1. Given R₀ = 30 Å, FRET efficiency for Arg143-Arg19 by Cβ-Cβ distance, to 0.05?
2. Over segment 3-145, with every protein chain in place, what whole percent of the accessible area is carbon and sulfur at 1.4 Å, could you tell me?
3. May I ask you to compute the full-extension gain from His114 to Ala3, defined as 0.36 nm times their residue separation minus their alpha-carbon distance, rounded to one decimal in nm?
4. Show log10 I(q)/I(0) for segment 97-146 at q = 0.25, 0.26 Å⁻¹, two decimals, from a solvent-free Debye sum over equal Cα scatterers.
5. Leaving out ligands and nucleic acids, note down the accessible area per residue over the chain with a 1.4 angstrom probe, in whole Å².
6. Could you work out how far the C-alpha centroid of segment 67-88 sits from that of segment 91-150, in angstrom?
7. Regarding segment 38-125, what is the average projected area of its C-alpha convex hull, in nm²?
8. How many nm is it between the label spots at Asn12 and Val84, if each spot is 7 Å from the Cα in line with the beta carbon?
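The values are calculated or read from the model by the stated rules, or taken from the named source; none is laboratory data. Worth saying up front: this structure is predicted, and the values here are computed from it rather than measured. Here the Cβ positions follow ideal geometry from the backbone for every residue, glycine too, while neighbour counts run over all protein chains shown. Remember, those area values only see protein heavy atoms, side chains included, never the ligands or the DNA or RNA. Shrake-Rupley method; radii C 1.70, N 1.55, O 1.52, S 1.80 Å.
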Amino acid sequence: MSATILVLNGPNLNLLGTREPSIYGAETLADVEARLAARGRDRGVGIDFRQSNHEGELVTWIQEARDRAAAIIINAGAYTHTSVAIHDALRAAGLPVWEVHVSNVYRRETFRHHSYISGIAEGVIAGFGTRGYDAALDAAVARLAAPPPS
Ligand code: DQA
């Protein structure tokens, strides 16, 4: 069976395409999901793509990923900057994590400069628009094909 990569999206990312398009672009989350599903198929991995506005639901999905997924790509939205619970769940899952932000959070308000996820992520991609998800997927696939020496 092929590996599954869990792609998690936090609050307000369901509004992608209509929310502040000058910052987040015109593509919808459904567009991103379709593109990643096709990219995953090409690369021989399954994509489990989800979005929630609820912190606890994201935590539950991360907990479940332990048994269901080989890696996690996460854009936690505003919870990136606030959620110790998501940080703890990601640590407990013990899976490689890539953090994605559509916008360049470092060019924006200072409250967006701190992330509870970056310190435990394999990589962080910010400011490449929705193409950041594609880059994270390719990084995860490469890492699953050739895990680093322990
Ligand atoms: C975001 C950046 C966050 O600061 C913000 O709260 C979001 C989206 C991004 O993708 O650029 O909701 O994660």
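1. The pair Arg143/Arg19 has a calculated efficiency of 0.45.
2. That share works out to 49 percent.
3. 36.9 nm
4. Values returned for q = 0.25, 0.26 Å⁻¹ are -0.93, -0.98.
5. Per-residue accessible area for the chain comes out at 49 Å².
6. 10
7. Dividing the Cα hull surface by four gives the mean projection, 5.9 nm².
8. It works out to 2.4 nm between the two label points.
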